[in-house]
Amino acid sequence: MKKTIVACLALFAMAPAFAQSIMEKYERFLVEPRTYVAYRTEGALNIDGKLDESSWQKAKDTEEFEDISGKGFAAPKYKTTAKMLWDDDYLYVGAVLEEPNILAKLTQRDTIIYYDNDFEVFIDPDSDGHNYFEIEVNANNVLFDLMLDKPYRVGGDFFLQWDCPGIKSGIHIEGTKNNPNDTDKYWSVEMAIPRQALTLSFNNLLKAGNIWRINFSRVEWLKKPEENWVWNATGRIDMHMPDRWGYLLFSGNKVGTIETEMDYPHNRDVYKTMWAIFYAQQDFKGQNKRFASLDEIGLTKADTKAIDAQKVKLTMENTRNTYEIRAWVPKEEVFYILNNEGRFWKEKK
C-alpha cells in the first residue's frame, strides 16, 4: 500500500525563512483572468460573419488580444477583439481580426486548421478543467472541432470524432482572400454554438447567472514559429490551461439594457494559492519523479497571508503519483478541491 502523507498549514513553519515565495515564482500563471459579461440577444442573428445586427452593435468588445505568454512580451502586430451574446439555445461568438493579407488554403473539415491563420474558441462550461471543447476556423469557414478529456500537461487526450452538432459559422472578408497584391482590412467570424453540443449531462449550463471558463486564440503565421495571440494570456505557449482562461458570466438582461456586474464563482485568494501549489508540484515531479508533501512545497508566510486572514484550512493528501489539495473556507462553508490532474471543484461540508 502506498504511504499517504497529510500535511496542514502548521507545517509551513518548517519552510526556511529565506525560501522563495511560490506565489512570486509562478506569478505568470496566477495573473487575474479577464472577464466578460454576455447579454441576451434582442432578436434573431443571421450567422454570416458580418456582426451587423443591432445586438452585435450593442455588445461590448473584449480587450484587445495579447501575446499568449503575457506581460513582458511584444504586443500583437494586428488587432483582434471578440464579443459574445446568448439565448436559450446558443452561445454566440463574434470576432474581428485585422489582417492586411487574408490567407486561407485548407478546405476540409477537421484538418489541422491552425496550419492556416485561424481563430480558435476554447470552452469549459462547468469550469472544472476537464471535458472541454476546442473549435477552430479559418477564413474559408472550415472548422476543426474536438473535445478533450483533460489538458495535455496531465496526460490528456483529444477526441477528434466529436463534431460540434448543430454549430453554425460564418465568415466575412473585407478585402480579397489569397491575393498578396492588395491590402486587406480584416476578416470577421461569427459562430452560434448550441448549448446541447456542450452538455455532458442533463444539466442546462447555458442559463443566467452561470459562469463558464472561455478563451480565444488567434494563430498568425508571420514567421516560424507562429504567433499566438489570445484574449487571456496563459503564461506560456500552451492554450490547454483552463485555469488560465477568462471568466464568462451569462446575464439575464438583454444586450444594451441594464448592466450586470461580474460575480466570481470562487474565492480568488484560495484559488490562486491552490494553483500555485499545482505548478510547484508539476516542477517537483519533473525533478524528483514523485509528488511532494505540502511541507516540501515550502509555502511561506507571504504565500498564505491572504488565506490565513480568512482562517482557511489547507490540507493535502498525496502519494508518489497522486495528490488532492483541499481548502476549507469557513465563510462559504465549502471545500475547494484540486487534484494532480488539474481538476478543480467545490463541495459542501
Is one or more of the residues making up region 104-123 farther than 30 Å from Gly252 by Cβ, open to solvent by 10 Å² or more (accessible area, probe 1.4 Å) and among the hydrophobic types (A, V, I, L, M, F, W, C)? yes
Neighbours by Cβ (under 6 Å, 6+ apart or cross-chain): first from region 38-59, among the charged types (D, E, K, R); second part of a loop (DSSP other than H, G, I, E, B) and open to solvent by 80 Å² or more (accessible area, probe 1.4 Å): none
Looking at Leu85 and the list (1) in a loop (DSSP other than H, G, I, E, B); (2) hydrophobic (A, V, I, L, M, F, W, C); (3) in contact (Cβ under 8 Å) with a residue 60 or more places away in the chain, which single condition is not satisfied? (1)
With respect to Ala74, is the statement that it is assigned to a strand (DSSP E or B), farther than 28 Å from His266 by Cα and not basic (Lys, Arg) true? no
Spot the failing condition for Phe133; the list is (1) open to solvent by less than 20 Å² (accessible area, probe 1.4 Å); (2) within 15 Å of Trp187 (Cβ to Cβ), and only one is missed. (2)
Please verify whether Ser188 is crowded, with 17+ Cβ neighbours inside 10 Å and farther than 30 Å from Tyr279 by Cβ, treating the condition exactly as stated. yes
So which pairs qualify, if the first residue must be in region 68-81 and open to solvent by less than 80 Å² (accessible area, probe 1.4 Å), the second must be in a loop (DSSP other than H, G, I, E, B) and of a type in the set (Phe, Trp, Tyr), the Cβ gap must be under 6 Å, and the two must be at least 6 apart or on different chains? Pro76/Phe65; Thr80/Phe65
Per the filter on region 320-349, residues touching a Gly at 6+ places or on another chain (Cβ under 6 Å) and open to solvent by 70 Å² or more (accessible area, probe 1.4 Å) are Arg343
Count of residues meeting criterion [basic (Lys, Arg) and modelled with pLDDT under 95] in region 160-177: 0
Can you name the residue in region 212-255 that is among the β-branched types (Val, Ile, Thr) and out of contact with any helix residue (DSSP H, G or I) (no Cβ under 6 Å at 6 or more places or on another chain) and is also farthest from Asp67 (Cα to Cα) among such residues? Ile214
Tell me, yes or no, whether region 334-349 has at least one residue that is modelled with pLDDT under 95 and either acidic (Asp, Glu) or in a loop (DSSP other than H, G, I, E, B) (or both). yes
Just give me the residues in region 33-67 being open to solvent by 40 Å² or more (accessible area, probe 1.4 Å), closer than 25 Å to Asn267 by Cα and either in a loop (DSSP other than H, G, I, E, B) or of a type in the set (A, V, I, L, M, F, W, C) (or both), in sequence order. Arg34, Glu63
Taking the conditions exactly as written (in contact (Cβ under 8 Å) with a residue 60 or more places away in the chain and under 17 Å from Ala38 (Cβ atoms)), does Ile211 satisfy them or not? yes
Per-region count, region 160-178, residues of a type outside the set (D, E, K, R) and touching a residue at least 40 places away in the same chain (Cβ under 8 Å): 9
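The values are calculated or read from the model by the stated rules, or taken from the named source; none is laboratory data. Here the structure is a predicted model, which means the values were calculated and not measured. Glycine also receives a Cβ, built like all others from the backbone with ideal geometry; neighbour counts cover every protein chain displayed. Side chains are part of the model used for accessible areas, which takes the heavy atoms of the whole protein and leaves out ligands, DNA and RNA. Shrake-Rupley method; radii C 1.70, N 1.55, O 1.52, S 1.80 Å.
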